[in-house]
Amino acid sequence: MSVTVRVPAKVNVQLAVGAARPDGFHDLANVFLAVGLYDEVTAAPAASLRLTCAGPDADQVPLDESNLAARAARALAGRYGVEPAVHLHLAKDIPVAGGMAGGSADAAGALVACDALWGTHAPREELLEICAELGSDVPFSLVGGAALGTGRGERLRPLEVGGTFHWVFAVADGGLSTPAVYREFDRLTEGTDVPEPVASDALLSALAKGDATALAAALTNDLQPAALSLRPALADTLAAGRGAGALAALVSGSGPTTAFLAPDAETATRVARSLTASGTCRTARTTTAPAPGATVLS
Ligand code: ATP
């Protein structure tokens, strides 16, 4: 018997970052949108916790105790006093270290898969609590759709989305470390007055209406200057997508994946082709949003 759970990637349609707090974290106003690129996490009984991974970036995924999926399984097992005797297989399609919360998705997927496999039937609130302990982006991977994250991003309020949005994601070669991008943000904003992060009303209303043009005008990512500073070539990718007809282009989360909002599916396909031909990225993927959160497939 095994359980397979599908989990989505995310793009931050707004990522407002406050000044570094004394504990080093940053307050955020983080509008998450789940997109239709997925990892699948399969949990099957085993003698002890074991992890395998397949997919284009599989060699970059740590298979030791640092893997977020393994940590999720251990956290659930610890709470319920069961042995984490499980084989977790990650079928990874979400770019690794790409700013799309792939590791967080795997954590949420492993949690839901182990909960079903072990019959622990943890209440949703408890699953969300474990998610928040594992990382600020993990609760959103569980719920999917769209949500406003405040605090470190882990306090979530679901948001209404009034339509389907067409996206293209340009996957870069190699990843960017999220902590390194935050350090660069701190360096670039040192001595400046960093405003309190607040969600944009224009953006929330564009999401609620399903209005791609209005959403394009409201997209912001305060980490973008830091990601571009560490990886200047991303500016060429953004320009290539804009030139091919995207309504807007931005760095996804901490990067280096870049995200392009298109007015319709045809334009998205054209933008993806141009991005691939431009030689400024490894590959370009089209997809739609919002996508559902962690879903048990079998
Ligand atoms: P975020 O957008 O949440 O900042 P990300 O998408 O940039 O994250 P991830 O793909 O989550 O980045 O990977 C970040 C790092 O986490 C990787 O370099 C890897 O060392 C580690 N990691 C731990 N568990 C996983 C996992 N299951 N899948 C991928 N990376 C993992």
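The values are calculated or read from the model by the stated rules, or taken from the named source; none is laboratory data. None of these values were measured; they are calculated from a predicted model. Reconstructed Cβ throughout: ideal geometry from the backbone, glycine too, with neighbour counts over all protein chains shown. Calculation scope for accessible area: heavy atoms of the full protein, side chains included, ligands and nucleic acids excluded. Shrake-Rupley method; radii C 1.70, N 1.55, O 1.52, S 1.80 Å.
Can we say residue 52 is open to solvent by 20 Å² or more (accessible area, probe 1.4 Å), assigned to a strand (DSSP E or B) and in contact (Cβ under 8 Å) with a residue 40 or more places away in the chain? Criteria not met by residue 52.
Assess whether residue 57 counts as being of a type in the set (Asp, Glu), within 13 Å of the ligand (Cβ to nearest atom) and open to solvent by less than 60 Å² (accessible area, probe 1.4 Å). Step through it out loud before you land on a result.
On the way: of a type in the set (Asp, Glu): yes; within 13 Å of the ligand (Cβ to nearest atom): yes; open to solvent by less than 60 Å² (accessible area, probe 1.4 Å): yes.
Spelling it out, residue 57 is indeed of a type in the set (Asp, Glu), within 13 Å of the ligand (Cβ to nearest atom) and open to solvent by less than 60 Å² (accessible area, probe 1.4 Å).
Select from segment 184-212 the residues that are of a type outside the set (Asp, Glu) and without any contact (Cβ under 8 Å) to a residue 40 or more places away in the chain and write down the one among them that is least open to solvent (accessible area, probe 1.4 Å).
Restricting attention to segment 184-212, the residues satisfying the condition of being of a type outside the set (Asp, Glu) are 185, 187-189, 191-192, 194-195, 197-200, 202-210, 212.
Retained after the next criterion (residues that are without any contact (Cβ under 8 Å) to a residue 40 or more places away in the chain): 187, 191-192, 202, 205-206.
Values: 187: 141, 191: 89, 192: 82, 202: 65, 205: 46, 206: 2 Å².
Looking at residues that are of a type outside the set (Asp, Glu) and without any contact (Cβ under 8 Å) to a residue 40 or more places away in the chain, I get 206.
Take the conditions (1) out of contact with any helix residue (DSSP H, G or I) (no Cβ under 6 Å at 6 or more places or on another chain); (2) more than 21 Å from residue 154 (Cα to Cα); (3) small (Gly, Ala, Ser); (4) surrounded by 15 or more Cβ atoms within 10 Å (Cβ to Cβ); residue 43 misses just one of them, which is (1).
Filter segment 81-139 for residues that are closer than 24 Å to residue 47 by Cβ, of a type in the set (Gly, Ala, Ser) and surrounded by 24 or more Cβ atoms within 10 Å (Cβ to Cβ); which is farthest from the ligand (Cβ to nearest atom)? Among residues in segment 81-139 that are closer than 24 Å to residue 47 by Cβ, of a type in the set (Gly, Ala, Ser) and surrounded by 24 or more Cβ atoms within 10 Å (Cβ to Cβ), the one farthest from the ligand (Cβ to nearest atom) is 113.
Restricting 194, 198 to those that are under 18 Å from residue 147 (Cα atoms) and part of a loop (DSSP other than H, G, I, E, B) reduces the list to 198.
Looking only at segment 156-185, residues that are charged (D, E, K, R) and within 16 Å of the ligand (Cβ to nearest atom) come to 3 in all. Scoring residue 75 on the criteria (1) at pLDDT below 95; (2) outside any strand (DSSP E or B) leaves a single failure, condition (1).
Take residue 244 and tell me if it is more than 25 Å from residue 144 (Cα to Cα), loosely packed, with under 15 Cβ neighbours inside 10 Å, over 20 Å from the mean Cα position of the chain (by Cα) and at pLDDT 95 or above. Steps first, answer last, please.
Values: more than 25 Å from residue 144 (Cα to Cα): yes; loosely packed, with under 15 Cβ neighbours inside 10 Å: no; over 20 Å from the mean Cα position of the chain (by Cα): yes; at pLDDT 95 or above: yes.
No; evaluated as a whole, the condition is false for this residue.
Just a yes or no: is a residue in segment 61-72 over 30 Å from residue 202 (Cβ atoms), away from the ligand (no atom under 13 Å from the Cβ) and in contact (Cβ under 8 Å) with a residue 12 or more places away in the chain? Show your work before the answer.
So the first thing to find is which residues in segment 61-72 are over 30 Å from residue 202 (Cβ atoms), and the list is 61-72.
Filter once more, keeping what is away from the ligand (no atom under 13 Å from the Cβ): none.
There is no residue in segment 61-72 that is over 30 Å from residue 202 (Cβ atoms), away from the ligand (no atom under 13 Å from the Cβ) and in contact (Cβ under 8 Å) with a residue 12 or more places away in the chain.
Among the residues of segment 219-241, what is the count of those that are small (Gly, Ala, Ser) and surrounded by fewer than 23 Cβ atoms within 10 Å (Cβ to Cβ)? Lay out the reasoning, then the answer.
Filtering segment 219-241 down to residues small (Gly, Ala, Ser) leaves 226-227, 229, 233, 235, 239-241.
Next, from what is left, pick out any that are surrounded by fewer than 23 Cβ atoms within 10 Å (Cβ to Cβ): 229, 233, 235, 239.
Here the count works out to 4.
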